[in-house]
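Chemist: Sharing a structure here in structure tokens format.
The values are calculated or read from the model by the stated rules, or taken from the named source; none is laboratory data. Source: prediction; values computed, not measured. Note that we place each Cβ from the backbone using ideal geometry, even for glycine, and neighbour counts take in every protein chain shown. For accessibility, only protein heavy atoms count, side chains too; no ligands or nucleic acids. Shrake-Rupley method; radii C 1.70, N 1.55, O 1.52, S 1.80 Å.
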Amino acid sequence: MNIQDNSLPEDRQVPSVKEDDDAFDLDDLLPIVGEFGRYQRLLLWFVCLPACLPCGFCAFNQLFMADTPPHWCKVPGLEGLDSLQRRHLAIPTQEDNETYSRCMRYNVDWKTPEMIMTENFLPNLSWTVIPCDYGWEYDESDVTSSIVVDFDLVCEHSIYPTIGLVALNTGGPIGVYLFGMLNDRIGRRLSFFTCLATLITGGFLTSMASSFWTWAATRVVVGLTIPAIYQIPFIISLELVGPNYRSFVTVMTCTFYTIGLCMLAGVTYLVRDWRLLALTTSAPFLLYFIYWWFLPESPRWLLAKGRLEEANKILETLARVNGKELPISFTQKLKQRMTMSRSKSEEERLRSGPSVLALFKTPNMRLKTCLITLNWFANNMVYVGLSYYGPALGSEEHLSFLFSSLAEIPSYMACWVVMDRWGRRWPLCLCMVVAGASCIATVLLPPDAVTATLILFLLSKSAISASFLIIYPFAGELYPTQLRGIAIGFSAYVSGLGLIIIPFITYLGTENLVLPLIILGVVAMIGGLSGLRLPETLHHRLPQTVEEGELFGRDWTCTDCMRCIPKKPLSTTTSYQDLSTGETVEMKPIPDTTFPPISKQTSEDTPLNTMRESRDSHTSMRRLVRQSSVMDTQRDSDGAMKMTYWF
């Protein structure tokens, strides 16, 4: 059965690897039973999108557990005085003579009779000073509870809260790998609930920690679930909607994640006890286990695993709720294809696919891989760094964190519109350069310009959020199909190293408020400017083979670097379609020798024929091609989507 179908995404029209002939892709079926019908809308709005909230809660609640209040040395013998008098008598002032030392005290024994105090008694500046040897006192007017207060994480131990963030971020890559394997082996549904149980358990253990190191160990447990707890419902959403709506689902998933951050700002404002905060940001998600009766397994994963009956049942439910009917011809094709057995030699060939070394064998692919990874590293590092730094800016940390989270939402909407008009390369560069310049500009402000610093910070956070939304589909379009899955995973995991470094950079802000912003600004600008060397992908077909990936962008020139509006290719063989005129490109049909031919009567009467006719219309085709090239995620050889480190 040879079908001329110009509306399928390019990487499905000209398959270059044989396993594509055996894979069954739901993108062929969803236009018939509903790409975004009532079933998908109910699942998205009431299950998958709310399931994105725990990630933001548990990734950033730690910032408010480690609040450091004003502190000074505890001095025995002065208990009868108020805190201001104690500091005035026993604590030396710093170089500015306006603030008291946080880690030193006068070497005076206030219990001796000769140190009887009078009303006009003043400290002798010639007294020697020593480090705090009796512990610390804390000003609890604003911060009533934190791990810093409970475990005395100040002075020589002030780096410990930063180590706690490193522990959290170290668990992320490990967790994505572990839950990624579970996601592929036991399915999306079970892996989500396993991940959720791990997160809640980590939250409960955090609230019971009796020392810093036990607390840090519990943060590793929580870190194992981040960002897997976000990615699993995201993948389920992408696998159930048609290509037309993947960009919409992506933007909405990012938006709900940001809504979670805004809600966290309110929760942390109301809950000031760190142990109660750990419970409050974990225990409510026990309600998500109600999803056990509503969250379906991904039919795409079931098809990939050969569990035909379960997949068919879910697809029938999807079609029924959407007011459609599952075509009998598709069911027959599905049964025939899924019952086919691959030969042993073919299985061995699939398992021994291209390795990550293929990304570095040729000069152009090697350069693109390095630039994509550098951009992803910079995006990851700057986004998370600014998120960590948000509470430190402004006069009220909860309000600052709220504003820094809200700044992301407009950038998502603007990015969604701009990407299909200006392409990916220049918007990515401009967003990163604006983010970097806004960070660096803070050095020009006076130290007391808190409001201006906050405004520049919000501008940089908004810009880097937009660039972070661009980098993922941009990388997917630059890498060839044969290497796309492993390449995205490689770039994303390398970028995850920035999450281990970034807590130490933000720690520098304890002494100099703008120093971390300068570092993040430089990283953002380097990443953004280097991205101009990458070729534009808008209007271009996705490269299929490693050879096509090497050829794509090899003839890059300085003129291409300066071109802001993407140039449409003159050759139809290098483009999906001309988006401005609606002219389509006739691609080679996919030969299908697996199934017997469909009778003329069946072809004319079944919804399959309706799908062919509808795909010939320029409007639906234009939308399909644009959106499917904007957002996709890596897949295995069976077409099932895979997890990667995207945070």
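Chemist: Evaluate the distance, in nm, between pseudo-label points positioned 7 Å from the Cα of CYS558 and of ILE526 along their respective Cα→Cβ axes.
Modeler: My value for the distance between the label points is 2.4 nm.
Chemist: Stretched out fully, how many nm does the piece from SER126 to VAL267 gain, at 0.36 nm a residue minus the Cα gap?
Modeler: Value of the extension gain: 46.0 nm.
Chemist: Run the 1.4 Å probe and let me know the accessible area of SER247, rounded to the nearest 10 Å².
Modeler: About 0 Å², ignoring ligands and nucleic acids.
Chemist: Per residue, how much accessible area does region 231-317 show when a 1.4 Å probe rolls over the protein heavy atoms, in square angstrom?
Modeler: About 36 Å² of surface per residue is accessible.
Chemist: Hey, another quick one. Roughly how many Å² is the accessible area per residue of region 409-567, as a whole number, for a 1.4 Å probe?
Modeler: For region 409-567, the solvent-accessible area averages 39 Å² per residue.
Chemist: Same structure again: Enter the accessible area of MET104 (Å², nearest 10), with the probe set to 1.4 Å and all protein chains included.
Modeler: We get 60 Å² for MET104.
Chemist: How much of the accessible area of region 161-313, probe 1.4 Å, is carbon plus sulfur, in whole percent?
Modeler: The value for region 161-313 is 73 percent carbon and sulfur by accessible area.
Chemist: With a 1.4 Å probe and all protein chains in place, put CYS429, CYS103 in order of accessible area, largest first.
Modeler: Sorted descending by solvent-accessible area, the residues read CYS103, CYS429.
Chemist: If ligands, DNA and RNA are left out, what is the accessible area of GLU137 with a 1.4 Å probe, given in Å² to the nearest 10?
Modeler: 30
Chemist: Determine the share of region 401-488's accessible area contributed by carbon and sulfur atoms, expressed in whole percent, with a 1.4 angstrom probe.
Modeler: In region 401-488, the share of accessible area belonging to carbon and sulfur is 80 percent.
Chemist: Mind giving me the FRET efficiency for ILE501 and VAL450? R0 is 22 Å, r the Cβ-Cβ distance, nearest 0.05 is fine.
Modeler: My answer for the efficiency is 0.25.
Chemist: For LYS361, LYS333, write out the residues from largest to smallest accessible area, computed with a 1.4 angstrom probe and no ligands counted.
Modeler: The ordering from most to least exposed comes out as LYS361, LYS333.
Chemist: Here is a further query. For region 461-504, count the residues as N, evaluate 2.2 N^0.38 Å, and divide the Cα radius of gyration by that value, please.
Modeler: Relative to the rule-of-thumb radius for its length, region 461-504 sits at 1.33.
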